[in-house]
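First the structure, in the form of structure tokens, and then the observations on it.
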Ligand SMILES: CNc1nc2c(CC[C@H]3O[C@H](OC)[C@H](OC)[C@@H](OC)[C@@H]3OC)c3nc(N)[nH]c(=O)c3cc2[nH]1
């Protein structure tokens, strides 16, 4: 039986010895019921049970080991009980590898207009038809169980930025109480795991208290929440200079919502193992392609007769079989194939970045190649 296991200690030793400047960077494998996750890992976002514009088998060819689903969206439509009855989200969306679902709090705050935060949980009106719902540590954990998530996220409150010390303190304390209830509601099975999410905004004593509260609950992994919420890279790195070290060294660390390649590299150098971000998929659909030459805005008229691929050595379908001129045209006329090819390329780019980072760490080489 596989379970979410520790990083191989010897691998960690080599990594720690190999490069002093980034001695916190580490590469490892998370073993789960649905297969292995090679870290540092980038997790494509599949909000409504699909990575937009991609077939799951295509996502697999980019090298992704795990994708994300959204509790908030799926509980509203098609409903967690219905997904459960239909065999769970893995079967429903034909993705047999690991799935991580967010606990829904963040989405409620960012998507539903009418909502009320109480000690019990968050009461909100669906942004689809206005019907009333409650998300609580218990209901969020149950919904993620019904979906069949490999990695379940504890129900937290993502502290907004900026927040005063007092605001951040009471928000973090609510997250600690909710984490305890989430942990109690979790049905633990070998190969499945639940991650706690630490808060505390930019205040190091609150971050420490949050970590201590959650470590007591012995989660299978830990997320650093409350970042990438408008604080900017400098302030985010300032928190990351110490926050990962507050967490157990042998458990996965997940930085939620991050990020651009330079953000990912800086966070890996500070000890982060897992990432999720809508950038490669959302910006791909909007005509932005990530390349080793920088970001290409394919809608720019300078590409309308450019007969070269986005990247000559990229193996994705967009680069192998098409030109920038064709992608420029497809995106301009809003053809669905444009969204597909741009998304495929960006996901391939992000997975190649992670693969190179894992290789550099394993070889003990510093990796500042993209900044
Ligand atoms: C961007 N900066 C960013 N995103 C934070 C997300 C959401 C991640 C979520 O971000 C999108 O939802 C909106 C994605 O869907 C579009 C979700 O994928 C399913 C993804 O779920 C992990 C956070 N989620 C929780 N539960 N707690 C957090 O403190 C937190 C912080 C974030 N910063």
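The values are calculated or read from the model by the stated rules, or taken from the named source; none is laboratory data. Computed from a predicted model, the values in this text were never measured in an experiment. In this analysis, Cβ positions are derived from the backbone assuming ideal geometry, glycine residues included, and neighbour counts consider all displayed protein chains.
For segment 242-256, does any single residue satisfy the condition of being touching a residue at least 40 places away in the same chain (Cβ under 8 Å) and over 22 Å from residue 26 (Cβ atoms)? No. Residues that are over 30 Å from residue 99 (Cβ atoms) and touching a residue at least 24 places away in the same chain (Cβ under 8 Å) within segment 302-326 comprise 303, 304, 324, listed in sequence order.
Within segment 266-295, the residues that satisfy the criterion of being surrounded by 22 or more Cβ atoms within 10 Å (Cβ to Cβ), over 23 Å from residue 198 (Cα atoms) and more than 10 Å from the ligand (Cβ to nearest atom) are 280, 284, 289, 290.
Confirm whether residue 148 is more than 12 Å from the ligand (Cβ to nearest atom), in contact with a helix residue (DSSP H, G or I) (Cβ under 6 Å, 6 or more places away or on another chain) and farther than 16 Å from residue 256 by Cβ. So residue 148 passes the test. Of all the listed residues (47, 101), the sole one being within 30 Å of residue 317 (Cα to Cα), within 13 Å of the ligand (Cβ to nearest atom) and outside any strand (DSSP E or B) is 47. Can you find even one residue in segment 89-97 that is touching a residue at least 24 places away in the same chain (Cβ under 8 Å), under 24 Å from residue 256 (Cα atoms), away from the ligand (no atom under 16 Å from the Cβ) and part of a loop (DSSP other than H, G, I, E, B)? There is at least one residue in segment 89-97 that is touching a residue at least 24 places away in the same chain (Cβ under 8 Å), under 24 Å from residue 256 (Cα atoms), away from the ligand (no atom under 16 Å from the Cβ) and part of a loop (DSSP other than H, G, I, E, B). Applying a threshold of 9 Å to beta carbon distances and a minimum spacing of six or more residues, or different chains, the list of pairs starting in segment 109-123 at a residue that is more than 24 Å from residue 180 (Cα to Cα) and ending at one that is within 16 Å of the ligand (Cβ to nearest atom) and part of a helix (DSSP H, G or I) reads 111/72; 111/73; 112/72. Only one entry in 128, 143 is touching a helix residue (DSSP H, G or I) at 6+ places or on another chain (Cβ under 8 Å), away from the ligand (no atom under 12 Å from the Cβ) and modelled with pLDDT under 95, namely 128.
Per the conditions (1) in a loop (DSSP other than H, G, I, E, B); (2) more than 18 Å from residue 146 (Cα to Cα), the sole criterion not satisfied by residue 109 is (1).
When restricted to residues that are surrounded by fewer than 23 Cβ atoms within 10 Å (Cβ to Cβ), in contact with a helix residue (DSSP H, G or I) (Cβ under 7 Å, 6 or more places away or on another chain) and over 22 Å from residue 251 (Cβ atoms), segment 164-194 contains 1.
Given the criteria farther than 27 Å from residue 209 by Cβ and in a helix (DSSP H, G or I), does residue 134 qualify? Taking the combined requirement at face value, the residue does not satisfy it. Counting only helices (runs of 4 or more DSSP H) that sit wholly inside segment 284-371, those with at least 1 residues that are at pLDDT 95 or above and touching a strand residue (DSSP E or B) at 6+ places or on another chain (Cβ under 7 Å) are 336-362.
Of the set (1) away from the ligand (no atom under 16 Å from the Cβ); (2) surrounded by fewer than 18 Cβ atoms within 10 Å (Cβ to Cβ); (3) under 23 Å from residue 347 (Cβ atoms); (4) in contact (Cβ under 8 Å) with a residue 40 or more places away in the chain, all apply to residue 33 but (3). Selection of segment 152-162 for residues being closer than 13 Å to residue 140 by Cα and either outside any strand (DSSP E or B) or near the ligand (Cβ under 10 Å from one of its atoms) (or both) yields 153, 154, 155, 156, 157.
Out of 119, 57, one residue alone is modelled with pLDDT of 95 or more, part of a loop (DSSP other than H, G, I, E, B) and out of contact with any strand residue (DSSP E or B) (no Cβ under 6 Å at 6 or more places or on another chain). It is 119. Within segment 76-88, the residues that satisfy the criterion of being outside any loop (DSSP other than H, G, I, E, B) and under 24 Å from residue 121 (Cα atoms) are 76, 80, 81, 82, 83, 84. In segment 60-75, what residues are in a loop (DSSP other than H, G, I, E, B) and either under 12 Å from residue 101 (Cα atoms) or within 11 Å of the ligand (Cβ to nearest atom) (or both)? Selection gives 66 alone.
For every residue, the table says whether it meets (1) more than 27 Å from the chain's Cα centre (by Cα); (2) under 16 Å from residue 345 (Cα atoms).
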{"site": "305", "(1), (2)": "yes, no"}
{"site": "319", "(1), (2)": "no, yes"}
{"site": "330", "(1), (2)": "yes, yes"}
{"site": "333", "(1), (2)": "yes, no"}
